[in-house]
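Asker: Sharing a structure with you now.
The values are calculated or read from the model by the stated rules, or taken from the named source; none is laboratory data. Owing to the predicted nature of the structure, the values given are computational and were not obtained by experimental measurement. Neighbour counts run over all protein chains shown; Cβ positions are idealised from the backbone, glycine included. To get the accessible areas, we keep the full protein, side chains included, count just its heavy atoms, and leave off ligands, DNA and RNA. Shrake-Rupley method; radii C 1.70, N 1.55, O 1.52, S 1.80 Å.
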Amino acid sequence: MKFIDLQAQRQRLEPSLSQSIGTILDHGRFIMGPEVVQLEEALQEYVGAKHCISVANGTDALQIALMAAGVGFGDEVITPSFTYVATCEAAAVIGAIPVMVDIDPKTYCLDPVEAEKAITSKTKAIIAVSLYGQCADMDALVQISKTNGITLIEDAAQSFGSTHKNVRSCALSDIATTSFFPTKPLGCYGDGGALFTDSDDLAAEIKLIARHGQTRRYQHERVGMNSRLDTLQAGVLLEKLRIFDDEVALRAEVGKRYETLLTEHGLNAHFVHPDNSCVFAQYTVRVKNREQVMARMAEDDVPTMVHYPKPLHRQPAYLADVSLPLSEQAADEVMSLPMHPYLSEEDQKIVVGSLAKALKSE
């Protein structure tokens, strides 16, 4: 059994995927080729945002978003601690200060109440991570950011294709970023990312930063960086986007089956807030004695993973003298089960049966 089955998707997409790659190999425009523009137009239409700018990866997207928002040395950026390192890293590398706060214990996303408490005169941005496939409470965070004159950035690396109150992730904030890492809900065959905004000014600044700060050849108006999505990855993503709505629906079916099976065994399912739809980038449950449970499931050849075993305020590079008990508890207890659009009902029964057996032996 595979934790994520990328080959099933590839088989579904053949031969159109090979044809798309072959077309790019033939025209030879491997950087900023026509497929990049086609993809950006398709993505902004899908999300419902006015602008989409593709970049090299999701981490670059976060850094560029902060730079475009005017965040710099000594400015504070509010982030959750329970997230991937890129969220804080993007702030730290430009000299800003990540201010880590606690999470909602059910969704694992940034708690708006805790975010508002952390605002100071130095706060320039809030990064709301949409974790495990669903959005944070974006309505509350939008109101907080507007009231305080702070830029709101959605880190939607795991939630592309989901919705909050029927609005798509990446169309809920001043700037949104996403990742096309291969295991993401919409993933390419390498690294890739994108930013979304409705602001013409922010879009222009994002494009400028991502292209060396260059306004025309050899004319550089500001400090920028080199972050471009290569054409081959754009071609792959265009093919995957054609079937993406169907895969989102399949993910929802897999998620619903997990909920039913877990409930039948008296186990807690992955919580999805009523305001949200979820793309289940991971299917995450909480258990006590996690390492023992995972070891017992491994004996049944059932793969599991942990995202994330140590919150960022306990990481050596970002060590902070704060108490974030909900983040720490989540880091000790979360465990992700196999999840992808092509996971069979029979395999799900095996997974849940193995989990139930492992927990029973505790």
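Asker: Got a number for the accessible area of K124? Probe 1.4 Å, square angstrom, nearest 10.
Answerer: 70
Asker: Just the number, please: carbon plus sulfur as a percent of the accessible area of region 272-338, 1.4 Å probe, no ligands or DNA/RNA counted.
Answerer: 51
Asker: Rg and Dmax of the chain, using alpha carbons, in Å: what are they?
Answerer: When restricted to Cα atoms, the chain yields Rg and Dmax of 20.5, 67 Å.
Asker: How much area per residue is accessible in the chain when the probe is 1.4 Å and only protein heavy atoms are counted (Å²)?
Answerer: Ligands and nucleic acids excluded, the result is 43 Å² per residue.
Asker: Could you calculate, for region 1-139, the ratio of the Cα radius of gyration to the Kirkwood radius, expressed as Rg to Rh?
Answerer: Working: Rg = 19.0 Å, Rh = 17.8 Å.
Radius of gyration over Kirkwood radius for region 1-139 works out to 1.06.
Asker: Continuing with the same structure: Roughly speaking, to the nearest percent, how much of region 88-219's 1.4 Å accessible area is carbon and sulfur?
Answerer: 48
Asker: Here is a follow-up. Suppose every Lys and Arg Cβ carries +1 and every Asp and Glu Cβ carries -1, with no other charges. What dipole size does the chain come out with about its Cα centre, to the nearest 20 debye?
Answerer: 380
Asker: Which value, in debye to the nearest 20, gives the size of the charge dipole of region 18-110 about its Cα centre, when Lys and Arg are +1 and Asp and Glu are -1 at the Cβ?
Answerer: Values: 3 positive and 11 negative charges, 7 e Å.
Rounded to the nearest 20 debye, it is 40 debye.
Asker: Can you give the Rg to Rh ratio of region 217-362, both from alpha-carbon atoms, with Rh computed by the Kirkwood formula?
Answerer: Rg/Rh for region 217-362 comes to 1.09.
Asker: Suppose every K and R has +1 on its Cβ and every D and E has -1 on its Cβ; what is the size of the dipole of region 240-291 about the Cα centre, in Debye to the nearest 20? Write out the running numbers ahead of the final one.
Answerer: Values: 8 positive and 8 negative charges, 42 e Å.
That gives region 240-291 a dipole magnitude of about 200 debye.
Asker: Going toward the positive end of the dipole of the chain, with +1 on Lys and Arg Cβ and -1 on Asp and Glu Cβ, which of S199, G48, G224 do you reach last?
Answerer: Value computed over the given set: G224.
Asker: Within region 1-143, what percent of beta bridges assigned by DSSP are antiparallel, to the nearest 5?
Answerer: In region 1-143, DSSP labels about 10 percent of beta bridges as antiparallel.
Asker: What ranking, highest mean first, results for peptides 290-297, 214-221 when packing means the other Cβ atoms within 10 Å averaged over each residue?
Answerer: Per-residue Cβ counts within 10 Å, averaged per peptide and sorted highest first, yield 290-297, 214-221.
Asker: With a point put 7 Å past each Cα toward its Cβ, work out how far K117 is from D332 in nm, to one decimal.
Answerer: 1.9
Asker: Using the structure shown, list the pairs from K122/K184; K165/K349; K2/K240; K146/K184 with a Cα-Cα distance above 25 Å, or answer none.
Answerer: Working: K122/K184 33 Å; K165/K349 32 Å; K2/K240 20 Å; K146/K184 30 Å.
Over 25 Å Cα-Cα: K122/K184; K165/K349; K146/K184.
Asker: Considering the dipole of region 78-179 built from charges on the beta carbon (Lys and Arg +1, Asp and Glu -1) around the Cα centre, which of A128, V167, C109 is farthest to its positive end?
Answerer: Checked the options; the winner is V167.
Asker: Can you sort F244, F30, F3 by solvent-accessible area, 1.4 Å probe, largest first?
Answerer: Heavy-atom accessible area, descending, gives F30, F3, F244.
Asker: For region 59-122, what D do you get in µm² per second when you plug the Kirkwood radius from alpha-carbon pairs into Stokes-Einstein at 37 °C and 0.692 mPa s?
Answerer: D, rounded to a whole number, is 274 µm²/s.
Asker: On to the next question. Taking 8 Å as the Cα distance limit and 6 or more residues as the minimum spacing, I'd like the relative contact order of the chain as a percentage.
Answerer: Rounded, it is 21 percent for the chain.
Asker: Which Rg and Dmax, in Å, describe the Cα atoms of region 113-194?
Answerer: Radius of gyration, then largest Cα-Cα span, for region 113-194: 13.3, 42 Å.
Asker: So what is the 222 nm mean residue ellipticity for the chain from helices alone, if each DSSP H run of at least 4 adds -39500 (n - 2.57) and you divide by all residues, rounding to the nearest 500 deg cm²/dmol?
Answerer: Working: 13 runs with 148 residues, N = 362.
It comes out at -12500 deg cm²/dmol, rounded to the nearest 500.
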